[in-house]
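One structure below.
The values are calculated or read from the model by the stated rules, or taken from the named source; none is laboratory data. The model shown is predicted, which means the values in this text are computed figures rather than measured ones. Glycine also receives a Cβ, built like all others from the backbone with ideal geometry; neighbour counts cover every protein chain displayed. Accessible surface is based on the protein model in full, side chains and every heavy atom, while ligands, DNA and RNA are left aside. Shrake-Rupley method; radii C 1.70, N 1.55, O 1.52, S 1.80 Å.
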Amino acid sequence: MEDSWHQLKPRTGFLVRLADRLTDQSWQTLTQLYQPIIGPSAAGLYSALFWLPERATYKRHATLLGLLGMDLAHFYEARLRLEAAGLLTTKVKTTNELTSFVYELRAPLQPADFFRDDLLSVQLLGVVGEEVYRSLVTHNTPQTTDSADEVDITKNFLDVFHVDGQELKQLPAAITATRDELPVDAGAPALKSTGHDDFDFKLLGDILEHSFIDTRALRSQRQLLLTEHATYGLDEVTMARYVGEATDLATNQFDPEQFKRVIAQSFGQQHRAQPAASEQTPSAAELAQAPTDQHLSSAEQALIKVANTTVPAVFLQAIKQKRGGYITDGEQRIIRDQVSRQLFPQSVLNVLIYHMLVDSDKPTLSKALMDSIANDWSMKKIQTPQAAIKEIREHQQAASKPRRSRNRQPTVKETLPDWAKKPAEAQPQTTQAKLSPAQQQKLQERIARLQERTADGKED
């Protein structure tokens, strides 16, 4: 959505619509699960919009600000939090140069769907901690109370009613014709994400509409679908097939964990016997020879080209096949986890994978090491493969420099004078050269007398 801060003024009009029916469970979920994430101001705004008298008629924002006791800036921040959490859809309309807003309130997810959502559950865990999080899961999800002597004999739909399987595959014209006249259910808005705009949810819905799958059950799984799409590069048709395989025909229940397993197993089987990818990724030696200025070498340009056009799972598989290895189940979970965090574009994540396997010459990805590097890159705001390569260069250069010890004293070299560099025997020769023959004779005689007296024990 386009930033509408500049269009928002106290006198600007708005109205409120309800996109879903809210129950007592909805308000409990809002308070216990959503409020720790969005904050009390956003939760208060949600409540104020719902209970606003005659909410379907246009009112000025000044009225709402007075009820909430907040200024326009805090209202806008609270509104953004509701939008990001999937609780509010904001639409802007301009008629005759007069701007107005339409706020559509969305019901909170069911608790079980909330805890299955990667973004919401991770954010809640980070706010409340593991102990409180486990307590919230226990309190907000139904617990099995069956005893050992109780047997479930409940019949499902197909046990009671006879349905022609052929009619499910090709729905009768009366059903399809009347469905076209039904109002379009836009569904809950997807949580904000980047880099996945190429996935067409409308097309996926159209494909599933002609199957036995209840598309409304997938509303809370949009982020999971986006993560799998970004990780494996699945198109809408393939995604629909995997959704069908993870949905129980009898109960019409979609199983997210089964969905992940089906995709991971299928990916492993498809790529196990394939030859290495044709894209030529540069070797570590080539990158080591790259210049240290801002220009990229041909090897680095090749890496960036492949990283920009390949999804992470396929990129990882290409490296593994070239080295004669294979992707482990744990590595698929590591890649999926990084994609779901949405810290980087896929190109940066691919460079990180390349750095860990090729530069560091590791056989498999390490979750601890990847989390450490990803945290570092995230704090340094690295969002392009060029910036990632530059960071790798600087890290390698810093590691290659020798470290100086603080306790080590510098070595001092002393220069000897010229006279000290001459041989020792040269010095007496120089002295003798300065005496005359007569003086040398007297010196020899005196030395002889001294030697005689020393032998006799006499002193001079």
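Scanning the range 331-357 for residues that are outside any loop (DSSP other than H, G, I, E, B) and open to solvent by 30 Å² or more (accessible area, probe 1.4 Å), which turns out farthest from residue 118 (Cα to Cα)?
346
Residue 227 passes all but one of (1) in a helix (DSSP H, G or I); (2) under 20 Å from the mean Cα position of the chain (by Cα); (3) under 15 Å from residue 207 (Cα atoms); which number fails?
(3)
How about the range 55-71: which of its residues are open to solvent by less than 30 Å² (accessible area, probe 1.4 Å) and among the hydrophobic types (A, V, I, L, M, F, W, C)?
Residues satisfying the conditions are 64, 65.
Are there any pairs with C-beta distances below 7 angstrom linking a residue in the range 336-357 that is among the hydrophobic types (A, V, I, L, M, F, W, C) and at pLDDT below 85 to a residue that is assigned to a loop (DSSP other than H, G, I, E, B) and open to solvent by 30 Å² or more (accessible area, probe 1.4 Å), with the two at least 6 apart or on different chains, and if so which?
344/383; 356/362
In the range 294-330, what residues are in a helix (DSSP H, G or I), within 20 Å of the chain's Cα centre (by Cα) and without any contact (Cβ under 8 Å) to a residue 60 or more places away in the chain?
Scanning the range 294-330 gives 306, 309, 315, 316, 317, 330.
Hey, can you tell me all the residues within the range 379-389 that are in a helix (DSSP H, G or I) and open to solvent by 30 Å² or more (accessible area, probe 1.4 Å)?
Of everything in the range 379-389, those that are in a helix (DSSP H, G or I) and open to solvent by 30 Å² or more (accessible area, probe 1.4 Å) turn out to be 379, 386, 387.
Could you list, in sequence order, the residues of the range 308-326 that are closer than 11 Å to residue 349 by Cβ and either open to solvent by less than 10 Å² (accessible area, probe 1.4 Å) or of a type in the set (A, V, I, L, M) (or both)?
311, 312, 313, 315, 316
So, in the range 1-17, of the ones that are open to solvent by 70 Å² or more (accessible area, probe 1.4 Å) and in contact with a Phe, Trp or Tyr (Cβ under 8 Å, 6 or more places away or on another chain), which residue ends up modelled with the lowest pLDDT?
Restricting to residues being open to solvent by 70 Å² or more (accessible area, probe 1.4 Å) and in contact with a Phe, Trp or Tyr (Cβ under 8 Å, 6 or more places away or on another chain), the top hit is 5.
Considering only residues that are hydrophobic (A, V, I, L, M, F, W, C) and surrounded by 18 or more Cβ atoms within 10 Å (Cβ to Cβ), which ones fall in the range 25-47?
Of everything in the range 25-47, those that are hydrophobic (A, V, I, L, M, F, W, C) and surrounded by 18 or more Cβ atoms within 10 Å (Cβ to Cβ) turn out to be 30, 33, 37, 38, 42, 43, 45.
Within the range 239-263, take every residue that is farther than 21 Å from residue 331 by Cβ and without any contact (Cβ under 8 Å) to a residue 24 or more places away in the chain and give me the one that is most open to solvent (accessible area, probe 1.4 Å).
The qualifying residue most open to solvent (accessible area, probe 1.4 Å) is 241.
Considering (1) open to solvent by less than 60 Å² (accessible area, probe 1.4 Å); (2) under 18 Å from residue 346 (Cβ atoms), say which one residue 235 fails and leave the rest.
It is condition (1) that residue 235 fails.
State whether one or more residues within the range 366-378 are within 23 Å of residue 268 (Cα to Cα), in a loop (DSSP other than H, G, I, E, B) and either modelled with pLDDT of 70 or more or open to solvent by less than 30 Å² (accessible area, probe 1.4 Å) (or both).
yes
In the list 87, 22, 109, which residue meets the criterion of being open to solvent by less than 50 Å² (accessible area, probe 1.4 Å) and modelled with pLDDT under 90?
22
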